[in-house]
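The values are calculated or read from the model by the stated rules, or taken from the named source; none is laboratory data. In this text the structure is predicted, and so the values were computed from the model without any measurement. Neighbour counts run over all protein chains shown; Cβ positions are idealised from the backbone, glycine included.
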Amino acid sequence: MKIFLVLFLLSFTIAGFGQEYLYFKKKNSTKIKRLDLMQKAAVKDKRTGVWTKGYVTAFSDSSITIDDEKRFHLKHVESVRFGKGGWKFLGYSFRAGGGLFAGIVLVNGLVNKDSFEQMSGPLGIAVAMYAVGWGFELLSRKGYSLEKFRVEYVVID
């Protein structure tokens, strides 16, 4: 049983080797952000100003590849957005909750034949929930400008 447990745990450590990361280190600071393979990201091209969204399928010390289709050289990249998935989920939850609450208030008001003045308080709360959801959505859109961050390619063997 002990040998099985050791082999089982060893299989996880073997899978952990050979990983690639792209570190974004803020100049004149200790802030470090890590971009992993198969992580959702968006890349803004300097020349066109267009954001390309998708999964990072490959990167090197000089380029980032999105969805195996678009390859961006780092000298042509203005900024990169990634991470903050929790804020995005929280924003979606608040927007969905605000919309659902507004629907319940409206249906309840129509069934009970309430006036708009009676529904205005709960509808205001629903609109506030929806607006807070958009606020969290904006918080999730943190971008890293390559003018402020330097990029370092790291391979762990």
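Does L100 satisfy the condition of being part of a helix (DSSP H, G or I), in contact with a helix residue (DSSP H, G or I) (Cβ under 8 Å, 6 or more places away or on another chain) and more than 24 Å from K53 (Cβ to Cβ)?
no
What number goes with the only condition from (1) closer than 19 Å to L22 by Cα; (2) crowded, with 17+ Cβ neighbours inside 10 Å; (3) not small (G, A, S) that R95 does not pass?
(1)
Output the residue which, of all residues in the range 50-69 that are modelled with pLDDT of 90 or more and either among the charged types (D, E, K, R) or not in a strand (DSSP E or B) (or both), is farthest from R141 (Cα to Cα).
Out of the qualifying residues, it is D67.
Here are some residues: A102, A41, A58. Which one is touching a residue at least 12 places away in the same chain (Cβ under 8 Å) and exposed (fewer than 14 other Cβ atoms within 10 Å of the Cβ)?
The unique qualifying residue is A58.
Can you pull out the residues in the range 27-38 that are more than 16 Å from V77 (Cα to Cα) and either surrounded by 14 or more Cβ atoms within 10 Å (Cβ to Cβ) or within 13 Å of the chain's Cα centre (by Cα) (or both)?
Scanning the range 27-38 gives K33, R34, D36, L37, M38.
Tell me, please, whether a residue that is touching a Leu at 6+ places or on another chain (Cβ under 6 Å) and modelled with pLDDT of 90 or more can be found in the range 131-141.
For the range 131-141, residues touching a Leu at 6+ places or on another chain (Cβ under 6 Å) and modelled with pLDDT of 90 or more: present.
Do we have R47 as within 24 Å of K142 (Cβ to Cβ) and either surrounded by 13 or more Cβ atoms within 10 Å (Cβ to Cβ) or free of Cβ contacts under 8 Å to residues at least 12 places away in the same chain (or both) here?
In short, no.
Looking at the range 126-157, which of the residues that are under 21 Å from H76 (Cβ atoms) and aromatic (F, W, Y) is surrounded by the fewest Cβ atoms within 10 Å (Cβ to Cβ)?
Among those residues, the one meeting the criterion is Y153.
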